[in-house]
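Trainee: Below is the structure I would like to discuss, written out as structure tokens.
The values are calculated or read from the model by the stated rules, or taken from the named source; none is laboratory data. Every value quoted in this text rests on a predicted model; they were computed, and no experiment measured them. As a convention, Cβ positions derive from the backbone with ideal geometry for all residues, glycine included, and neighbour counts pool all protein chains shown. Areas reflect the complete protein model, heavy atoms only, side chains present, ligands, DNA and RNA absent. Shrake-Rupley method; radii C 1.70, N 1.55, O 1.52, S 1.80 Å.
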Amino acid sequence: MSSKINHHHHINGHDSIPPPCPHLADFRSRNGTKPFHLLQNCLRIKPPHGRASIRRDPSEIPRCGACGVSSVPRIYACVTCATISCHAPPEPSHAAAHAASMAPGHEISVDVDRAELFCCACRDYVYDRDFDAAVVLSSKANSIHSNVNSDNLRKKRRIVEYRPWLPDIHERVLVNNNSSVLNFVEDRPWGLRGLNNLGNTCFMNSVLQALLHTPPLRNYFLSDRHNRYYCQQKKSGNENGVFGGKRSNGGDGNGGKGLRLCLACDMDAMFSAVFSGNPVPYSPAKFLYSWWQHAANLASYEQQDAHEFFISMLDGIHEKVEKDRHKTHGLGHGDCCIAHRVFSGILRSDVMCTACGFTSTKYDPCVDISLDLEPYLGTSAKSMSLKTHSCNGEVDCTNSSQNGGISTLIGCLDRFTRPERLGSDQKFFCQQCQVRQESLKQMSIRKLPLVSCFHIKRFEHSSIRKMSRKVDRYLQFPFSLDMAPYLSSSILRSRFGNRIFPFDGDEADASNEMSSEFELFAVVTHTGKLDSGHYVTYLRLSNQWYKCDDSWITQVNENIVRAAQGYMMFYVQKMLYYKAGEKQVA
């Protein structure tokens, strides 16, 4: 049901927004400049979810004055005379009947359970800024948030403040006019090159293949934004060193053997070699050696975890930039280094006291999201909630509860962001109650990164049995993914209704919601056992899938990718996903 908006109905030059409700305009003209101020005394905040509602008495149970029921989907109170009526289509609407039987001015009611305006004549929700302001002001007075560490909350928000960039019209024209499609080399997309296994290094090769074809990362290094020759000269302090930013036309890019390069420099050399057009498999020995120097505890020819390597490598690039700049940036700031500019996001964690409703909010930066596989249906775990997602109608986008227990990426995300009741051994100290209380915890995504990496927890460790095992369960994942349902603004909207309270610290972020659509471009898979497995990467280039098995590159059907045992999935914002055109025939 689409809400009608009072006042502004021309937004961004489009006329698709419904016109203002005439009954709301008439109500405002009859009741002066503050038509809703009397509702402030009736506003209530219901713990633990904090949704605004309308009650004259906190213990009141509203009942329809015509039929006496209180369990229908919606109960409304007339703003003019406070008459309680029900509205439950397709049954007759007593709210509409009340408005029709009274003099003009009784058409506007308020939903007693959501504190939202409803026009009984139009039979639709309506929006009024003055009413919304009255509810917010009253909520500030009644909310337990208002007097608790407000200064600390503001300081915390400043620490993770992020200003996302979206291209304006002029910049979009520049992007369209100056972008070029990656060419094909011997029936392969440009940059598709095998990586030699240097001794149980498939974990490294699989992640490097995904990073080499991460659009923002690829564009950064191929644009010479990190020049290894300049970085080398700056580090050595030799003014007569090599300079000028010239790239090698192939080869291994491992020049300057006498000087230890940073991981970003080794990435720059690798991009030069991989995108040189040379089809011979490349040996990333220089990068492996530099990574060993950064992660000495992992320096061996034993098989390592691909996810652990991914995190360690990003940390290595980040630490090098931090030392060069001599200043600290927060991980979630998004402007400290190329690794975090591409992969960094911000998670929001809400812990709510079940006794009084006090909520403690915490923001944490992240470069990936680790997800638990959904439990089998029929166990004690709660069934997954059904949601509607935009996934281009693909079969693999359905929820696990519709697939006989098959886990899905969307089901894992639903489970990650749904409220979780913490156990009695995890009670947190409530600043309102001044004692430890049971609580609900809910995660959401405050800021989306340019590239989202989802890590599936397939390796379980039991401290009781003192053993580890791999979870070989199939996971369905969509090729297109809408992250809007998991944003903090969406989670708060479901908690508070169609309104986001500014004092809650997470207003609706339009830029986040506009860039919530993602496209899958890389899947890292693991086959075998915990201690003797093999990693392979599937890449989506020019809308065609390729299997990267160390030095072997083969073209595969998308059904092979769907059937693979996904361990890490890489999604890029749809705005940055460049689909190369069909190969032109001469």
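Trainee: Give all pairs with beta carbons closer than 9 Å in which a residue from the range 543-564 that is more than 13 Å from F479 (Cα to Cα) meets a residue that is of a type in the set (D, E) and open to solvent by 70 Å² or more (accessible area, probe 1.4 Å); count only pairs at least 6 apart in sequence or on separate chains.
Mentor: Q555/D187
Trainee: Another question, if that's okay. Can you name the condition, by its number, that S143 falls short on among (1) modelled with pLDDT under 80; (2) among the small types (G, A, S); (3) open to solvent by 50 Å² or more (accessible area, probe 1.4 Å); (4) farther than 30 Å from L576 by Cα?
Mentor: Condition (3) is where S143 drops out.
Trainee: If you go through the range 218-227, how many residues are in a helix (DSSP H, G or I) and either open to solvent by less than 10 Å² (accessible area, probe 1.4 Å) or free of Cβ contacts under 8 Å to residues at least 40 places away in the same chain (or both)? Working first, answer last.
Mentor: Taking the range 218-227 as the starting set, the residues that turn out to be in a helix (DSSP H, G or I) are 218-222.
Pick out the ones that are also either open to solvent by less than 10 Å² (accessible area, probe 1.4 Å) or free of Cβ contacts under 8 Å to residues at least 40 places away in the same chain (or both) and you get 219, 221.
Residues flagged as in a helix (DSSP H, G or I) and either open to solvent by less than 10 Å² (accessible area, probe 1.4 Å) or free of Cβ contacts under 8 Å to residues at least 40 places away in the same chain (or both) within the range 218-227 amount to 2.
Trainee: Determine which single condition D268 fails, assuming it passes every other condition in (1) among the charged types (D, E, K, R); (2) closer than 24 Å to G191 by Cα; (3) open to solvent by 10 Å² or more (accessible area, probe 1.4 Å); (4) modelled with pLDDT of 80 or more.
Mentor: Among (1) among the charged types (D, E, K, R); (2) closer than 24 Å to G191 by Cα; (3) open to solvent by 10 Å² or more (accessible area, probe 1.4 Å); (4) modelled with pLDDT of 80 or more, D268 violates only (3).
Trainee: L450 is checked against (1) touching a Pro at 6+ places or on another chain (Cβ under 7 Å); (2) closer than 26 Å to T354 by Cα and fails just one. What number does that condition carry?
Mentor: The number of the failed condition is (2).
Trainee: Quick check on this structure: which one of R341, R348 is open to solvent by less than 40 Å² (accessible area, probe 1.4 Å), basic (K, R) and modelled with pLDDT of 60 or more? Show your work before the answer.
Mentor: Details: R341 fails: open to solvent by less than 40 Å² (accessible area, probe 1.4 Å).
Criteria check complete, one pass: R348.
Trainee: Here is a further query. Quick check on E582: is it at pLDDT below 95, more than 17 Å from the chain's Cα centre (by Cα), of a type outside the set (V, I, T) and surrounded by fewer than 19 Cβ atoms within 10 Å (Cβ to Cβ)? I'd like the intermediate steps shown before the answer.
Mentor: Values: at pLDDT below 95: yes; more than 17 Å from the chain's Cα centre (by Cα): yes; of a type outside the set (V, I, T): yes; surrounded by fewer than 19 Cβ atoms within 10 Å (Cβ to Cβ): yes.
The answer is yes for E582.
Trainee: Same structure, new question: Filter the range 284-309 down to the residues that are hydrophobic (A, V, I, L, M, F, W, C) and in contact with a His (Cβ under 8 Å, 6 or more places away or on another chain) and list them by number. Steps first, answer last, please.
Mentor: As a first pass, look at the range 284-309 and keep what is hydrophobic (A, V, I, L, M, F, W, C): 285, 287-288, 291-292, 295-296, 298-299, 306, 309.
The one that is hydrophobic (A, V, I, L, M, F, W, C) and in contact with a His (Cβ under 8 Å, 6 or more places away or on another chain): A306.
Trainee: Follow-up question, since we're still on this one. Would you call R469 more than 27 Å from the chain's Cα centre (by Cα) and either under 26 Å from A564 (Cβ atoms) or modelled with pLDDT of 90 or more (or both)? Reasoning before the result, please.
Mentor: Values: more than 27 Å from the chain's Cα centre (by Cα): yes; either under 26 Å from A564 (Cβ atoms) or modelled with pLDDT of 90 or more (or both): yes.
Yes: the conditions hold for R469.
Trainee: Of the conditions (1) surrounded by 19 or more Cβ atoms within 10 Å (Cβ to Cβ); (2) at pLDDT below 85; (3) within 29 Å of N197 (Cα to Cα); (4) under 35 Å from the mean Cα position of the chain (by Cα), Q232 fails just one. Which one is it?
Mentor: (4)
Trainee: May I pose another question? Can you tell me which residues in the range 100-121 are free of Cβ contacts under 8 Å to residues at least 40 places away in the same chain and open to solvent by less than 10 Å² (accessible area, probe 1.4 Å)? I'd like the intermediate steps shown before the answer.
Mentor: Just the residues of the range 100-121 that are free of Cβ contacts under 8 Å to residues at least 40 places away in the same chain, to begin with: 100-103, 106, 109.
Scanning the range 100-121 gives a single hit, S109.
Trainee: Further question: Within the range 513-550, work out how many residues are closer than 19 Å to H307 by Cβ, open to solvent by less than 30 Å² (accessible area, probe 1.4 Å) and of a type in the set (G, A, S).
Mentor: Residues meeting the conditions: 2.
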